Every structure is written in structure tokens, then in C-alpha cells.
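Chemist: This structure is in C-alpha cells; I'll ask about it shortly.
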Amino acid sequence: MTHRRTSRAGYLCRPVISRKLAASMKGSSWIRRMFEEGTRLKAEHGEENVFDFSLGNPVIEPPDEVRRALVAAAAETSPGAHRYMPNAGYPAVREAVARHLASVTGAPFEARHVVMCVGAGGGLNVVLLKTLLDPGDEVILLAPYFVEYLFYVDNHGGVARIVETGASFQLDLDAIAAAIGPRTRAILVNSPNNPTGVVYPKESLDALGALLRDASARIGHPIALVTDEPYRHIAYGVEVPWVFASYENTILVTSHSKDLALPGERIGYIAVSPSLPGVDEFVSGATFATRTLGFVNAPAIQQRAVASLQGVTVDAAVYRRKRDVLWGALTSMGYEVVKPGGAFYLFPRSLQEDDVAFVKELQAELILTVPGVGFGRPGHLRVSYCVLDRTIERALPGFDRVAKRYRK
Ligand code: PLP
């Protein structure tokens, strides 16, 4: 009876969550859909018989020195070790990060240019875009992109302007120039890239810097170049240039999720170019945003641990071998795949136009991948190779059986 009355009143028709969030969840869930499909297939066929290339969760364990640093940071007994600290992080930790950055970039980084954050996602979403954007401001995103960027921009009232990358997923400077308008506030780049694995060379970044400098002068306000670099140290013999050297208005966001294999620990940092005009005001803004968005500060134990781990990284050669095996095998089967310079993803062209249908064909072979449409580039699929070697080996016959249907 009560139920009928409330239904008639109509208020139960409204979802418990906001309509906007409900719509976002519905439209964004390719990776989650694959995850759910994988769970179903694993229950049906056994975990070891399903080849899950859908997630970017590191397969390598953190190096021993990372574990030791975590234990030591947790065992700290000095008073205040677990209390609040300044919102930007422990001064000594910011100092350690700045010292490392100064030594590898040659730029005069100091602690005042660094804000510790809750993973790169926290850094991008909460601190950076909140710090930069007024409602209606535009952020240029390069497709294919890490899908969360769309939500990060939207969370802060921004508008994403999608620009396609060019041949082999490299920067298309003409397309970027054409997308810049009076509301452009930032461009977000990610190299090594998720989902393509490409690395942008220095000449492209220099040309992008020159373009942004000119465009900023033309539109009358600075365009920030935000560089998201959680895969910087997962690179295979190619140089990953420092973007600071190409453009003064650069903000780096990164984390130790991938390079120390610690994504569950949620620790990263923002580093603002010392030459960014108004750098101190920017860092104050990012610090305020860290506080008021409820992060308050990055986790204390993780901060203390990573202070002593700057320059340490997982063995990227492990991922490189996986890339070589999978890229070599897929290309010889007839898949068209740009050879990645880093990260742990391949982004092959789908062998039929409909990438969702193609991903389903692979699923029938118990191979889980994510359709390119989930990254803003239909006609492709993302294959995440941070998996065990035997998963790659055992999946290859299935990849081949599917490819055979399309070989002339
Ligand atoms: N940026 C890119 C391109 C990513 O691929 C990821 C995670 O997969 C993130 C940011 C977020 O990483 P974090 O775990 O540091 O929040």
C-alpha cells in the first residue's frame, strides 16, 4: 500500500543517483562491460582459460626496495607521523621529488613547484582541472584518449574539445591549431600513451610548444599544456622527452601507479614548470583545491615511502618482452598495429569496421579486449599486455583463428 502511494507520488521514478551521473555511467562503461563479461566467462570456463587483456593493472609486483620503503614508512614512530600535514604534502617529500626532477630535467625545480596528489587521476581531476577551469572553458583532448579524461574535464564544468591524432597516432598540429578558440584553457597530452603506446618525439613537442605560444598570444590568455605521464618509465629504448623543455606553461601530472606497480596505493605528484607565469599562485590554487575537494593531502605513509624511491622503477624490460611477442605475433597474423614505444597497450585496427562486433568475435575465443569506441576511436581495439606470459602464449591461437577469417 505504502509502495503504491509513493509510486503514485512519482518520487520513486527518479533514480537514486543523479540523472547526469546515471547517463555518464551508461555511456562510459566499455572497460567495465568487458570486466563484467570477463567475470561471467571466467565463472563459466575457469579463470585460467579466459585471456583477459582488458585492464591496465600492472602484472609486475613492486620491487623489493619499494616494499621495504613502504614497511619503513609505516613503522615510523616519531610523533605526528600519521597526522595532517600541509595540504601540498610533506616539505621533505616535495623537496625530494623536486631534487629528482631538477637532476633529470635540468630545470630549476624546488619543493614549491611540487604538490603531492592521490594518483595521477587525483592530480588531474581534482587539483589541476579544478585549478585551471572556469565553467565553459575548453580542454583539448587527443583521440584516442584515456576515457576518464572526459569525466575529469566535465567534473569541473569544462568542455572537452576532441582532436584526432594523425598518422600512427602522432600529434596533428594543424588539427590542434584549428581547435583552439577564445575559450581554450588547456591541452592534455599523454606520452607514452594509453591506449596506443606511442611516444611523442621532441620535435613534435617543440612544435606544439611554438604553436601554443602563438595561440596564447592570439587569444590573449595562456594555454596550459598538461602532460599526464604515469607511463614515463615504461618505455622501450625510446627517449620520452620532458615537455617542460618545449613549453614554459607546462604542468606535469604523474603517479607511481605503473612505474612502481603501486596503483592501489594512490600516490603521485603534480610538478609545475618553474618558468610558468604565476607559478606560485598556481601552486597555491592546486593546494587549496587538494584541500577543498576533500583529498586534504596525499596519503602520509605513501608520501614518505616514495620520497626515497625517486629514480627507482620496475623492470620495463619485462613489459618490453611481452610487447615484442604480442606485437610480432599479431602483425604476422595480419593485424595492423602501430609498434608502441612504451606503456603496456597495443591498439590494433579492428579487422572489421564494427569494433564492438570484432571484440565479440575475440570473446568467443575467450579473449577479452576493449573496443576502440571506448577510447574515442572506433575501428580499433585496445589490447592490454600487462598480463602473464602464458596468457599471451595461450591466447595467440585464438587471435589467429579470428584473423584467418579475414585473410584473403
Ligand atoms: N592517466 C592515464 C593515461 C592512465 O592510463 C591512468 C591509469 O590507467 C591514469 C592517468 C590514472 O592513474 P593513477 O592510478 O595514477 O590515478
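The values are calculated or read from the model by the stated rules, or taken from the named source; none is laboratory data. Here the structure is a predicted model, which is why all the values come from computation and not from measurement. Using ideal geometry, Cβ is built from the backbone for each residue, glycine included, and neighbour counts are taken over all protein chains shown.
Chemist: Between a first residue in region 116-142 that is over 20 Å from residue 264 (Cβ atoms) and a second residue that is within 11 Å of the ligand (Cβ to nearest atom) and in a helix (DSSP H, G or I), which pairs have beta carbons less than 9 Å apart while being 6 or more apart in sequence or on different chains?
Modeler: So the pair list comes out as 128/152; 129/152; 139/149; 139/152; 141/149.
Chemist: Now a separate question. For region 213-242, which residues satisfy the criterion of being touching a Pro at 6+ places or on another chain (Cβ under 6 Å) and either charged (D, E, K, R) or more than 17 Å from residue 312 (Cα to Cα) (or both)?
Modeler: 216, 219
Chemist: Now a separate question. Note down all Cβ pairs under 6 Å where the first residue falls in region 331-348 and is under 13 Å from residue 372 (Cβ atoms), the second is hydroxyl-bearing (Ser, Thr, Tyr), and they're at least six residues apart or on different chains.
Modeler: 337/331; 338/168; 345/384; 347/196; 348/335
Chemist: What is the number of the single condition among (1) away from the ligand (no atom under 16 Å from the Cβ); (2) in a loop (DSSP other than H, G, I, E, B) that residue 320 does not meet?
Modeler: Of (1) away from the ligand (no atom under 16 Å from the Cβ); (2) in a loop (DSSP other than H, G, I, E, B), only one is false for residue 320: (2).
Chemist: Then there is this: Restricting attention to region 118-148, and to residues there that are over 13 Å from the mean Cα position of the chain (by Cα) and of a type in the set (Asp, Glu), which single residue is surrounded by the fewest Cβ atoms within 10 Å (Cβ to Cβ)?
Modeler: Residue satisfying both the conditions and the ranking: 134.
Chemist: Test residue 296 against the stated conditions and say whether it is among the β-branched types (Val, Ile, Thr) and on the phi > 0 side of the Ramachandran plot.
Modeler: In short, yes.
Chemist: Further question on the same structure: Any residue in region 152-172 that is closer than 20 Å to residue 254 by Cβ and either touching a residue at least 40 places away in the same chain (Cβ under 8 Å) or of a type in the set (Gly, Ala, Ser) (or both)?
Modeler: Among the residues of region 152-172, not one is closer than 20 Å to residue 254 by Cβ and either touching a residue at least 40 places away in the same chain (Cβ under 8 Å) or of a type in the set (Gly, Ala, Ser) (or both), which makes the answer no.
Chemist: Which of the residues belonging to region 165-176 are farther than 20 Å from residue 153 by Cβ and either surrounded by fewer than 14 Cβ atoms within 10 Å (Cβ to Cβ) or touching a helix residue (DSSP H, G or I) at 6+ places or on another chain (Cβ under 6 Å) (or both)?
Modeler: 167, 168, 173, 174
Chemist: Working only within region 339-364, note down all residues that are over 14 Å from residue 397 (Cα atoms), buried (at least 19 other Cβ atoms within 10 Å of the Cβ), away from the ligand (no atom under 16 Å from the Cβ) and not acidic (Asp, Glu).
Modeler: 348, 350, 351, 358, 359
Chemist: Among the helices (runs of 4 or more DSSP H) lying completely within region 33-132, list those that include at least 3 residues that are modelled with pLDDT of 95 or more, of a type outside the set (Phe, Trp, Tyr) and more than 16 Å from the ligand (Cβ to nearest atom).
Modeler: Ranges flagged: 64-75, 91-105.
Each row is one residue, and each column tells you yes or no for (1) farther than 24 Å from residue 32 by Cα; (2) under 24 Å from the mean Cα position of the chain (by Cα).
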position	(1), (2)
329	yes, no
341	yes, yes
355	no, yes
371	no, yes
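Chemist: Pick from 76, 47, 65: which is without any contact (Cβ under 8 Å) to a residue 12 or more places away in the chain and either over 30 Å from residue 279 (Cα atoms) or surrounded by 19 or more Cβ atoms within 10 Å (Cβ to Cβ) (or both)?
Modeler: 47
Chemist: Of everything in region 343-364, what is closer than 18 Å to residue 389 by Cα and in contact with a helix residue (DSSP H, G or I) (Cβ under 8 Å, 6 or more places away or on another chain)? Give them in sequence order.
Modeler: Hits for region 343-364 are 344, 346.
Chemist: Name the pairs: first residue in region 237-262 and under 16 Å from residue 171 (Cβ atoms), second residue within 16 Å of the ligand (Cβ to nearest atom) and assigned to a loop (DSSP other than H, G, I, E, B), Cβ to Cβ under 6 Å, at least 6 apart or on different chains?
Modeler: 238/199; 238/341; 240/199; 240/232
Chemist: Checking residue 104 against (1) under 23 Å from residue 244 (Cβ atoms); (2) surrounded by fewer than 17 Cβ atoms within 10 Å (Cβ to Cβ); (3) touching a Lys or Arg at 6+ places or on another chain (Cβ under 8 Å), only one condition comes out false. Which one?
Modeler: (3)
Chemist: Let me ask something else about it. Scan region 342-354 and give yes if some residue there is among the hydrophobic types (A, V, I, L, M, F, W, C) and in a helix (DSSP H, G or I), otherwise no.
Modeler: No, region 342-354 contains no residue that is among the hydrophobic types (A, V, I, L, M, F, W, C) and in a helix (DSSP H, G or I).
Chemist: Select from region 260-283 the residues that are among the β-branched types (Val, Ile, Thr) and more than 10 Å from the ligand (Cβ to nearest atom) and list them in ascending order.
Modeler: The answer is 270, 272, 279, 283.
Chemist: Find the residue count for region 355-392, including only residues that are of a type in the set (S, T, N, Q) and assigned to a helix (DSSP H, G or I).
Modeler: Total meeting the criteria: 2.
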